[in-house]
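First the structure, in the form of structure tokens, and then the observations on it.
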Amino acid sequence: EVIIVKKIMWDFVLALENDNILDDFEIDYAYRIPKDLRELIIKNNAGMPEQNIFDSPREGMVFSGLLSFNKNDAQTVYMVLNNFIENGKIKMLPFGTDGFGNIICMKDDKVVFWNHETEETKVIANSLNDFLEMLHK
């Protein structure tokens, strides 16, 4: 079992539209959402962390919030997902944004930063928990 160590306050959380929405996503996209990310989404869908600064790939980066898994919300995973599908398979799962068009993703249990201008990725944390531990004001 994965335990999120750091206590983070989340604002603007939107409840998931239904209890099966993440299961439906996994079926529709043949992609298993990592357990720790699944827990984070269930509790904080579309939320914005109060501690939202991280310092990789450079100092002063912003984690503006989680993408919503509700199809009709303002910023959803579905709006950016096509950038991360290759040959019909999700190659990394977008779950957050920096507010400037760049996307935070899970790839092989690591957290990566995807630059929307260059489409380059950079590993910023070895796990979701490590990423959340990095966040500060």
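The values are calculated or read from the model by the stated rules, or taken from the named source; none is laboratory data. This one's a predicted model, so the numbers in the text were calculated from it and none came from an experiment. Cβ sites come from the backbone with ideal geometry, for glycine too, and all protein chains shown count toward neighbours. Heavy atoms of the whole protein, side chains included, go into the accessibility calculation; ligands, DNA and RNA do not. Shrake-Rupley method; radii C 1.70, N 1.55, O 1.52, S 1.80 Å.
Laid out as a table, the results:
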{"read-out": "Filtered residue count, region 69-116, keeping only those that are among the aliphatic types (A, V, I, L, M), over 17 Å from LEU37 (Cβ atoms) and open to solvent by less than 70 Å² (accessible area, probe 1.4 Å)", "value": "1"}
{"read-out": "Residue list for region 41-68, restricted to those being in a helix (DSSP H, G or I), in contact with a strand residue (DSSP E or B) (Cβ under 7 Å, 6 or more places away or on another chain) and among the hydrophobic types (A, V, I, L, M, F, W, C)", "value": "ILE41"}
{"read-out": "Evaluation of MET48 against (1) in contact with a Ser or Thr (Cβ under 9 Å, 6 or more places away or on another chain); (2) closer than 17 Å to LEU128 by Cα; (3) in contact (Cβ under 8 Å) with a residue 40 or more places away in the chain (one fails), failing number", "value": "(3)"}
{"read-out": "Among residues of region 83-118, those that are of a type in the set (Phe, Trp, Tyr) and either touching a residue at least 40 places away in the same chain (Cβ under 8 Å) or closer than 16 Å to LEU135 by Cβ (or both), counted", "value": "2"}
{"read-out": "ASN45 farther than 17 Å from ASN102 by Cβ, at pLDDT 95 or above and surrounded by fewer than 18 Cβ atoms within 10 Å (Cβ to Cβ)", "value": "no"}
{"read-out": "Output for region 69-126, where each listed residue is aliphatic (A, V, I, L, M) and outside any strand (DSSP E or B)", "value": "ALA74, VAL77, MET79, VAL80, LEU81, MET92"}
{"read-out": "Residue count, region 26-42 (criterion: under 16 Å from ASN70 (Cα atoms), touching a helix residue (DSSP H, G or I) at 6+ places or on another chain (Cβ under 8 Å) and open to solvent by less than 50 Å² (accessible area, probe 1.4 Å))", "value": "4"}
